[in-house]
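Quick notes on the structure that follows.
Read-outs: derived from the displayed coordinates by stated rules, not from any lab. The model shown is predicted, which means the values in this text are computed figures rather than measured ones. Positions of Cβ are backbone-derived with ideal geometry, glycine not excepted, and every protein chain shown enters the neighbour counts.
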Amino acid sequence: MNILKRIFQSVSTFRSMQRLVIMLACSIVLVATLLSFLVYSYVSFNQESRERLGALGDIIGADVGAALSFGDEQAVTKSLAALRADPSIKQLFVLDEKGHVSAYYNKNTFMKPADLPQRLITLQSEVKRKIFELSPGVERPIIKDGSRLGTILIEQDEYILTRKITVSTGISVIILLVALGFSYLLADRFQRVITEPVTSMATTMQEVSYTKDYSKRVVASGTDEMNQLADRFNEMLTEIERRDVNLLERQDQLHHMANFDALTGLPNRVLFNDRLEQALLRATRTGEYLAVLFIDLDNFKLINDTHGHRTGDQLLLETASRLAAAIRADDTLARLGGDEFTIFLQDVKTPENALSVARKHIEKLFQPYQIEDKRLFVSASIGVALFPEHGATAETLVKNADSAMYLAKEKGKNNVELFTDSLHERLSEKLVLINDLHRALERGEFELYYQPRVNLTHNSWTSAEALIRWRHPELGTVSPDKFIPLAEQTGLILPIGEWVLKEACRQLHQWHCQGFPLARISVNVSPVQLQRQNLLGIVKEAITSNNICPRALELEIVESALVENSGHSIGILKSLQGIGVKISIDDFGTGYSSLSYLRNMPINILKIDRSFLIHVHESREDNQILAAIIAMSQSLGLDVVSEGVECVEQEQILISHSCQEAQGYYFARPMPADKLLQRFMNTSICLEELPFHSAECAKISCCMLMQSTASPNGQGSPLLCRLIPDHPTD
């Protein structure tokens, strides 16, 4: 079996395997037949030889019988001499009735007489075997007149039988070789018939493998088994074809998803950058100019939040359609995400050409949108960057166009701006500030300044506003106008605002301990804090950890914080009011400026922006506007504070309009905490004692009669308190 296994393993093709199997089967059958024929021939030749020898023995017995009966051994020997004419007789013994050798014949005339007994014994034993002897011998009785006179032992020469077997074997081998040759031809023919369907399948599979054409099929043959195999193979090809079609469809879908925007069908950022890189390579070779336009819709979030995402999506689709209709075939329009679109223009002659195209897009997008039953108006801001002037890579050009777009928004939106080096410097400075801003808090670079607020009737300090300053180690003092917007954009306003609130409360408590019983501290709160921070929890912690009365804290909120997510904002402000914290609207007049809108808001104080006081002593109209704001605010039950007082004329006008409080450079500039304390100690400034609705709060909560450890040097000292007399309820 191991030999067969090795033989089969050495065959590499199915056809050769089939041919080998057929040849092996034929060879085994032919060899078995040949062997059977040779055995049969041998047995037949042996039997035929014995019969011949028997007949010859009877003839010789009859011939020597008379001589043997008279004991004439010479006559017997003479009779045997005739045997020399027959070369097939090897030897012959004539025995008398007593078994003694009467006469002997041997083909070999040189045999020694001494060898006769041994040869006789050997011949007698071979006669008894009767078969499988190349020199068969027989024993025949010598009978005369019914009496047995002796025995003849006769042996045939092995040459006779060997020659016949050799001849038969030779003929058989010739027949075997001819049969094997014929079998090989038949095997080759038969294996083709058998393997043709399999070969056809293999050929088809090879073609499918090379061409990936799964529509090919195998033609069935006439046998049931091969038909079943062909059917299964075709079914497999059908399934593979179906899966291949599905796979190609999914690959197309994945390619489309990876390179195109799902909503608008426009190229996305990946495909846009790839096309832009290819265009830049061509432009580098040809020397032509390219322009990248970065388009952002103005106030899209407000529309999305107000009318829903469905309306927002339809507006984006219409925007994409308008932009696509206005570009050339060689230009590429893409949606980067949200309400941001980009276009790159090829073969731009001058910067003015790019700006002109951008302005046309501005005009297209500014036209009204009819979304279902709503008529909407949306503007866009566009930034433009040129190749190679403003960048040599797609990433740089898009980034610079984006920066120019933000400059367009800062300048009032619905505008186009071209990227400039100064803008790049400004952005670099902004990036440096953002990086340094991340570490400013932990490095202790922030400091609070305080600007007192004055009661115009009593000429006394009612409170102080905490104003943050950034002492940059390299840039010096950084204006809040620069870093506060950055902090709001990056989310750093949350930890910074929390620090300001806690530090202001700590400072108020410290002033109390130092004999400076300022009634209230006001802290500005960013809209980001109101929306994303647990402001109520932070305020409670700041109040309780510094042992101050909740009514000693005022939070200043800009108008926009109440409009954005107003339900959430109003809920937080009401909760703050519920624990006693005062709420004021800061910079009133710069935002929505709707007194009727503020009527139902949880507000205690309204702070008029300084812009209303700049020309109030010079302009009658400004004076009338200021008087109307103060009167309407007071009619709504709001306390009024005017910011930006810089001269005595402005103060007198505010007093004439019955404005309760004011703050500005005319009274005091913002100063560090120790300077404010020093000014209070070194002057005869009076402090306002604010009335409270609860005597218990006045006596206990406000003064917090307990020990405190919030001294400036970290050592505990008793809180210097004074009881505020009860006042009647307002």
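For the chain, which longest stretch is free of loop sites, where a loop site is one of the GluC sites (Glu not before Pro) that DSSP puts outside H, G, I, E and B and that has at most 12 other Cβ atoms within 10 Å? Please list the in-between numbers first.
Working: sites that count: Glu372, Glu442, Glu474, Glu618.
It works out to 1-371.
Across the range 38-49, rounded Karplus estimates of 3J(HN,Hα) from the backbone phi angles (6.51 cos²θ - 1.76 cosθ + 1.60, θ = phi - 60°) give 5, 5, 4, 4, 4, 4, 5, 4, 5, 5, 5, 5 Hz, Gly and Pro being marked x. Summarising the amide proton neighbourhood of Gly338: residues at separation of 5 or more, or on other chains, whose placed amide H is nearer than 5 Å comprise an empty set.
Answer rounded, prolate or oblate for the range 530-677, using the Cα gyration tensor with square roots of eigenvalues a ≥ b ≥ c: rounded when a/c is under 1.5, else prolate when a/b is larger than b/c, else oblate.
In terms of gyration-tensor shape, oblate.
The range 260-419 gives an Rg/Rh value of 0.97, both radii derived from C-alpha positions and Rh following Kirkwood. The mean of 1/r over all pairs of different alpha-carbon atoms in the chain, once inverted, gives a Kirkwood hydrodynamic radius of 38.5 Å. Within straight-line reach of Lys144, meaning a Cα separation under 21 Å, sit the following lysines at least 8 residues removed in sequence or on another chain: Lys78, Lys98.
Sort Phe377, Phe300 by Cβ crowding within 10 Å, fewest neighbours at the top. Don't skip to the end; give the middle numbers.
Numbers: Phe377 12, Phe300 19.
Arranged by neighbour count, lowest to highest, Phe377, Phe300 become Phe377, Phe300.
For Lys607, the lysines whose Cα comes closer than 22 Å to its Cα, not counting residues fewer than 8 places off in the same chain, are Lys574, Lys582. Rounded to whole numbers, the Karplus 3J(HN,Hα) couplings from phi for the range 669-677 are 7, x, 8, x, 4, 5, 5, 5, 4 Hz, using 6.51 cos²θ - 1.76 cosθ + 1.60 with θ = phi - 60°, and x at Gly and Pro.
Computed on the range 451-689, with alpha-carbon pairs under 8 angstrom and 6+ residues apart, the relative contact order is 22 percent. The phi torsions of the range 474-483, fed into the Karplus equation with coefficients 6.51, -1.76 and 1.60 and a -60° offset, translate into couplings of 10, 8, x, 6, 9, 5, x, 4, 8, 9 Hz, rounded to whole numbers, with Gly and Pro shown as x. Near Leu293, once Lys and Arg are set to +1 and Asp and Glu to -1 for all other residues with Cβ below 12 Å from its Cβ, the sum equals -3.
Going by neighbour counts of Cβ atoms within 10 Å, the residues Ser44, Ser88 line up, fewest first, as Ser44, Ser88. Among Phe588, Phe45, a tally of other beta-carbon atoms within 10 Å of each Cβ gives an order, fewest to most, of Phe45, Phe588. For the range 326-369, trypsin sites (Lys or Arg not before Pro) are listed when DSSP marks them as loop and at most 11 other Cβ atoms sit within 10 Å of their Cβ; the list is Arg328, Lys349. Listed by chain and number, the lysines whose alpha-carbon sits under 26 Å from that of Lys409, ignoring those within fewer than 8 places in the same chain, are Lys301, Lys360, Lys364, Lys374, Lys399, Lys430, Lys482.
If you take every DSSP beta bridge fully contained in the chain, what fraction is antiparallel? Give it as a percent rounded to 5. Numbers along the way, then the final one.
Working: 62 of 90 bridges.
Bridges in the chain that DSSP calls antiparallel: roughly 70 percent.
If you average the sequence gap of Cα pairs under 8 Å that are 6 or more apart and divide by the length of the chain, what percent do you get for the contact order? Could you put the intermediate results ahead of the total?
On the way: 1073 pairs, mean separation 55.1, N = 730.
Relative contact order for the chain comes out at 8 percent.
Close amide H partners of Glu465, meaning residues 5 or more places away or on another chain with modelled amide H under 5 Å apart, are Gln451, Arg453, Ser522.
Taking amide H positions as modeled 1.01 Å from N, with prolines and chain starts lacking one, the residues under 5 Å from Phe344 and 5 or more places away or on another chain are Leu293, Thr332.
Helix-derived [θ] at 222 nm for the chain: sum -39500 (n - 2.57) over DSSP H runs of at least 4, divide by residue count, nearest 500? Before the final figure, lay out each step's value.
Numbers: 22 runs with 380 residues, N = 730.
Only helices count here, giving -17500 deg cm²/dmol.
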